[in-house]
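> One structure is given below, represented as structure tokens, and several questions about it will come after.
Here, each number is a calculation from the coordinates, and none is a lab measurement. On a predicted model such as this, the values are computed, not experimentally measured, just so you know. Cβ placement follows ideal geometry from the backbone for every residue including glycine, while neighbour counts extend to all protein chains displayed.
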Amino acid sequence: MKIILKLFFTFLLMIKFASAVINPNVGVVEGFYWTQDDTINGQYGEYSFTQRKQLIQTIAAYNLGVYWYVPQTINTMALWSATQLSEWTTVASLGQSLGVKVVVGIRPGWLETAAFPTILARLQQIHSTGVAYYTLNFDDAEGVATTAQQNLEVQLVSYLQTNLPSTFSLYGMIPYAYYQDMFSSKTIWQTKLAPIDAVSSAIPFIFTGKVITPSTFSSSQFPTLSSSRNMKFFDNWIASDANRISWGMIDGRVNANIFTSSYGYILNLAFPLERVIHHLYCAGQLASGGSSCSISTASQEWANWLNTNGFLHGKSVSTVKSSLQAAINADTYFETMADFEAAYPNLAGIFTTLPTI
């Protein structure tokens, strides 16, 4: 029966893919801090291979066009093993078949020119799997907040664009100065970004806005740079970086034009995957031109996904849907998962026990 359910869910996804209009300007990023202290069912650091495939299938069904991998607690500069290379080849192929851009980010950190060939070799390995996009991330890196380091970043971009094939594109960069309140004014922020703004204006920059996690966002929170390059919004609203569930929906916060080709929207996820399905649904609604998300529908989508992937542990879909809807509506902060399960006993075990499939 479980196998039949998974096959049926796959069939439904195929129907959605056939009629979907993927928005290439909107997607998600596996960019959270998932530390060992927040181990969940033996897992921390990043999504599993299985979760990553589930995620790409799910966002494609919701018309989201970008999956970006750049978790904070994983060494993104380490070469992949043979197993990882095989897995990422599968992930890249899956994304391509579903119309989802698979982007892999690296965090080079403090630079010296002698390290450029090592960075190039890492990116060449990533591209060997079929991944067609990469990012350079300097957010939260140590020692990079100098003009000299930004000048080296400009040199690195030029070196990579010269030596990497045209089939491997720089999807974007996160500068060290990725939000305004690192400085006392927007003018100073823009001045600090001037050195890195020397890279090709065809390369988008990615920012979180005035603060790391803004409650609302519009294009006015982007810096004004002489390059007039494209800018994308990195939305941290649900990325709690802790063993909790973010209940409140993401709609009603971000201006509609951010979801268009004029800009771009990337939702930073929480962990593990089964705790963010309502947000994936809502991001899909916004990517498709909607302005709001039905909590009832989000809850139903979430319950269906949990059922298909073995998380209900004998509970009915309707019961779980009702409890999820109540929890989203209440949007209560729970210090621990035990507190949450005490408040919603019909959801006990669903988010704290391994799936049965």
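> Working only within segment 75-121, note down all residues that are part of a helix (DSSP H, G or I), more than 19 Å from Ile266 (Cα to Cα) and among the polar types (S, T, N, Q).
Within segment 75-121, Thr83, Gln84, Ser86, Thr89, Thr90, Ser93, Ser97, Thr113, Thr118 meet the criteria.
> I'd like the residue in segment 94-112 that is β-branched (Val, Ile, Thr) and in contact with a helix residue (DSSP H, G or I) (Cβ under 7 Å, 6 or more places away or on another chain) and, out of all such residues, is surrounded by the fewest Cβ atoms within 10 Å (Cβ to Cβ).
Checking each candidate, the answer is Ile106.
> Then there is this: Go through segment 202-230 residue by residue and tally those that are β-branched (Val, Ile, Thr) and more than 11 Å from Gln180 (Cα to Cα).
5
> Quick one: count up the residues across segment 31-53 that are surrounded by 14 or more Cβ atoms within 10 Å (Cβ to Cβ) and touching a Leu at 6+ places or on another chain (Cβ under 8 Å).
5
> Same structure, new question: Of everything in segment 191-204, what is hydrophobic (A, V, I, L, M, F, W, C), out of contact with any helix residue (DSSP H, G or I) (no Cβ under 8 Å at 6 or more places or on another chain) and crowded, with 16+ Cβ neighbours inside 10 Å? Give them in sequence order.
Once the filter is applied, which keeps residues that are hydrophobic (A, V, I, L, M, F, W, C), out of contact with any helix residue (DSSP H, G or I) (no Cβ under 8 Å at 6 or more places or on another chain) and crowded, with 16+ Cβ neighbours inside 10 Å, segment 191-204 yields only Leu193.
> Considering only residues that are in a loop (DSSP other than H, G, I, E, B) and of a type in the set (A, V, I, L, M), which ones fall in segment 200-232?
If the condition is that a residue be in a loop (DSSP other than H, G, I, E, B) and of a type in the set (A, V, I, L, M), then Ala202, Ile203, Val211, Ile212, Leu225 are the ones that fit.
> Separate question: Would you confirm, using the coordinates I've provided, whether Gln155 is over 27 Å from Trp305 (Cα atoms) and either in a strand (DSSP E or B) or touching a helix residue (DSSP H, G or I) at 6+ places or on another chain (Cβ under 8 Å) (or both)?
In short, yes.
> Follow-up. With respect to the numbered conditions (1) closer than 24 Å to Asp139 by Cα; (2) among the small types (Gly, Ala, Ser); (3) within 14 Å of the chain's Cα centre (by Cα), which one is the sole condition not fulfilled by Ala115?
Ala115 satisfies all of (1) closer than 24 Å to Asp139 by Cα; (2) among the small types (Gly, Ala, Ser); (3) within 14 Å of the chain's Cα centre (by Cα) except (3).
> Something else: Which residue out of Leu286, Leu267, Leu225, Leu273 is in contact (Cβ under 8 Å) with a residue 24 or more places away in the chain, buried (at least 17 other Cβ atoms within 10 Å of the Cβ) and more than 20 Å from Gln325 (Cα to Cα)?
Leu267
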